[in-house]
1. Fewest first, what order do 78, 452 take by the number of other Cβ atoms within 10 Å?
2. Apply 1/(1 + (r/R0)^6) to the Cβ-Cβ distance of residue 371 and residue 210, taking R0 = 25 Å, and write down the FRET efficiency to the nearest 0.05.
3. If you take every DSSP beta bridge whose two residues both sit in the chain, what share of them, in percent to the nearest 5, is antiparallel?
4. As a footprinting exposure proxy, order 319, 358 by other Cβ within 10 Å, with the fewest listed first.
5. Could you tell me the center-to-center distance, by alpha carbons, between the stretch 432-473 and the stretch 313-371 in angstrom?
6. What are the radius of gyration and Dmax of the chain, computed over its Cα atoms and given in Å?
7. Counting only C-alpha contacts under 8 Å and six or more residues apart, can you give the relative contact order of the chain as a whole percent?
8. Provide the FRET efficiency to the nearest 0.05 for the residue 415-residue 99 pair, computing r from the beta carbons and using R0 = 22 Å.
Ligand code: CAO
């Protein structure tokens, strides 16, 4: 009987153990294990957002600063990763103090790029600081950095060192340039826009190259890096190994400007007929030119003035003369005869006349506000878009409703607007929180993530590894 009882208990324990294993396996391979007879994964029984976030369980050692790297880690934090931002004691990310609008408070530059993260201060060059960093490396899945080339190695955090401590760790970097003649250069946004081909193709033909307001070099590269990290996390599931992920800002910008490299190659076969330069009879040079507000694709477009343009710098609309709705456009702008006129009836016939066509469209749009143009054209499926100012965007309620623009509350500066996650996941609502104060989570991370005891934390505090160096006067006196 006792043996029977024992055997029962043993089998119960085994069943419990195997149930645990199944749970574990389910967590690792949800699609495979949760498959039902029709081959589709079983939908979550929990309501949206109750099943956790996409990157729950991913911990990131965030060594980023300024814009490119912080954009990446903020997105990952929005998707649920635990992002621990390591900052220099007493100083922090340089952007905390740049373009300050509220005296003594973290700037919007910083707060809008570092939401939903934790902040720990560590002097990475202090022996004790290095020890803490090594422990963090062991506890994290990804290290993200965008220091100048060589800076991470100078801290002793070489790939070899990291990989030895934690073979599963992914090390993701933004640099200005990839391997080659410029690999050692420091790079900021506009340098990348210029080196990546965007500036030479932006602006008007008669004017100098222009940089764009959208931060395609910094935020654009951060986005690329985030994709690389998620791919590396996915591959790690199969290999068990971390890898390096590198995004060069020049490469990121070029990727976003690829249609201009397309046009460069088309030039070898004749003029770029959809550029208004062609219609104006201006010959093309050897390189893709600046095209003003040409839409660049097969559907010609331009920015046209709207009612109020004389006083409102943003009273404009983008207007696209999409071929399938050409007849509707002709009726709207009072040119029904263009529907059948051989000079206007077909897209190729219109190409040399784009300037005149857009002038005529503009004569109509100038009688309407940009929102009236939008309303009227949308009824006819004509693709147009109002030029929205940042003021209008900040006030746009639909962007608030979707969580694309989010108001958060900061203990120092009060309420501010930030950009939430532009990537909407139906089962992983964005976790948009305010940015951390400098070192706000140092104690918490030391104890709860790294497991330091009270005594060890006290020793660390006394060591100078997590506090700013003493002022020179004091040091001299000592
Ligand atoms: N403790 C101690 N030292 C720290 C530290 C910490 N927690 N965090 C950073 N530092 C040190 C670094 O070790 C480095 O020191 P050394 O040069 O002596 O080794 C130093 O701070 C400065 O790092 P940096 O060279 O990266 O910073 P910078 O301000 O001189 O340059 C930038 C800024 C952006 C030009 C450069 O980092 C860069 O080219 N990054 C790659 C490209 C990039 O991301 N550019 C986008 C910037 S956003 O427009």
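1. Lowest to highest Cβ neighbour count: 452, 78.
2. Result of the calculation: an efficiency of 0.35.
3. 40
4. On the way: 319 28, 358 21.
By the 10 Å Cβ count, ascending, the order reads 358, 319.
5. So the two Cα centres are separated by 63 Å.
6. Rg then Dmax for the chain, in Å: 28.4, 102.
7. Normalised by residue count, the contact order of the chain is 18 percent.
8. Details: r = 18 Å, r/R0 = 0.83.
Step by step, r from the Cβ atoms, then E = 0.75.
No value in this document is a laboratory result; all are computed from the given coordinates. Just so we're clear, the structure is a prediction, and the values are computed from it rather than from any experiment. Quick reminder, even Gly has a Cβ in these numbers, built from the backbone with ideal geometry, and neighbours come from all protein chains shown.
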